[in-house]
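Student: Mind looking over this structure? Questions follow.
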Amino acid sequence: MAGISIWQLAIVLVIVVLLFGTKKFRTLGSDLGSAIKGFKKAVSDQDADATFDEQKKVSSAVDEDTTTASSEKQKEKSE
């Protein structure tokens with residue numbers, strides 16, 4: 001048998017708990033949860049910034065088109 005059985009994993013887990021104690025596992029779980037939460041927040045903030053930048057580009061392009069159109073209308077009226 002080349003694979004690891006459930007009994008082998010259980011024995012390793014018991015040894016690790018005896019070596020480090022349950023308090024270390026609680027703090028490890030808490031730290032891991034905080035790290036994942038921070039990562040998700042950073043990714044969502046980056047997505048929000050990218051969306052804001054895209055909206056800013058679109059609105060500036062619309063403003064330029066509006067300005068160009070109004071200046072063309074003024075030229076047509078003056079002619």
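Student: Ordering Leu13, Leu19 by accessible area with a probe of 1.4 Å, largest first, what comes out? Provide the component values of the computation, followed by the final result.
Tutor: Values: Leu13 105, Leu19 130 Å².
Of Leu13, Leu19, the descending order of accessible area is Leu19, Leu13.
Student: Still on this structure, please answer the following. Assign one of three labels to the range 1-47, namely rounded, prolate or oblate, based on the Cα gyration tensor with a ≥ b ≥ c the square roots of its eigenvalues; rounded applies when a/c is under 1.5, prolate when it is not and a/b is larger than b/c, and oblate otherwise. Walk me through the numbers before you get to the answer.
Tutor: Numbers: a/c = 6.63, a/b = 1.89, b/c = 3.51.
In terms of gyration-tensor shape, oblate.
Student: For Phe20, what accessible surface area do you get with a 1.4 Å probe? Give it in Å², rounded to 10.
Tutor: Spelled out: Phe20, probe radius 1.4 Å, area about 130 Å².
The values are calculated or read from the model by the stated rules, or taken from the named source; none is laboratory data. Note that the structure is predicted; figures quoted are calculated from it, not measured. These area figures cover heavy atoms from the full protein model, side chains too; ligands, DNA and RNA do not enter into them. Shrake-Rupley method; radii C 1.70, N 1.55, O 1.52, S 1.80 Å.
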